[in-house]
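The values are calculated or read from the model by the stated rules, or taken from the named source; none is laboratory data. Here the structure is a predicted model, which means the values were calculated and not measured. When we count neighbours, we look across all protein chains shown, and the Cβ atoms used for this are built from the backbone with ideal geometry, even at glycine. Note: areas computed on protein heavy atoms with side chains; ligands, DNA, RNA excluded. Shrake-Rupley method; radii C 1.70, N 1.55, O 1.52, S 1.80 Å.
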Amino acid sequence: MNRENVNNWINGFVNAWKEHDVDAVLDIFDCVEEYYEGPFSEPVSTRKEVETLWIDIKYQDISNLVVDLIALEKDTSAMHWYLKYRDIRDDVFYEMDGTYEVKFAENGKCRYFKQWWVINE
């Protein structure tokens, strides 16, 4: 992977999220072997398991979403992300800040995903 490939992956990821396109998000994680919602969570790997973690994006009225590449070493990247949104189900505003560790398969899709985040409710 090179920086251009990773930035293209990030753009696809952010666009899918902003468009509330759960299927497009799932395609990004199509070959994931280990997906960690948090540093202490058990990993998931099936499309259905990942879908349960992403289904709520349908309810996010996003005012700000940014993902930036921090570092890249061979197939492993570190990214910073920031999200500010209103949950349309209960009209509550959320602000989240975190990091991703993403490892890529040869086809450019995510094969390993782990995130750390904090939330300001």
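Here are the numbers for the structure shown:
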quantity	calculated
Candidates S45, S77, S63: whichever shows maximal mean-square fluctuation once the chain is modelled as a Gaussian network with Cα springs under 10 Å	S63
Extension gain, A105 back to E51 (0.36 nm per residue minus Cα-Cα distance, nm)	17.4 nm
Within the chain: Cβ-based charge dipole about Cα centre, in debye rounded to nearest 20 (Lys, Arg +1; Asp, Glu -1)	240 debye
E121-C31 pseudo-label distance in nm [points 7 Å out on the Cα-to-Cβ vector]	3.8 nm
Difference of contour (0.36 nm per residue) and Cα-Cα distance, N5 to D23	4.4 nm
Residues K74 and S41, FRET efficiency given R0 of 30 Å [Cβ-Cβ distance, rounded to 0.05]	0.75
Top positive-direction residue, dipole computed over the stretch 30-121 with Cβ charges, set G108, N64, L83	G108
Per residue solvent-accessible surface (Å²) - the chain, probe of 1.4 Å	57 Å²
Pairs of Lys in the chain closer than 21 Å at Cα, counting only those 8 or more apart or on different chains	15
Rule-of-thumb Rg ratio for the stretch 22-121 [Cα; 2.2 N^0.38 Å; N residues]	1.09
FRET efficiency, V14 to D90 (Cβ-Cβ, R0 25 Å, nearest 0.05)	0.55
Per-residue SASA entry for D97, accessible area with 1.4 Å probe, Å² rounded to 10	60 Å²
Convex hull of Cα atoms in the stretch 39-84, direction-averaged projection (nm²)	4.7 nm²
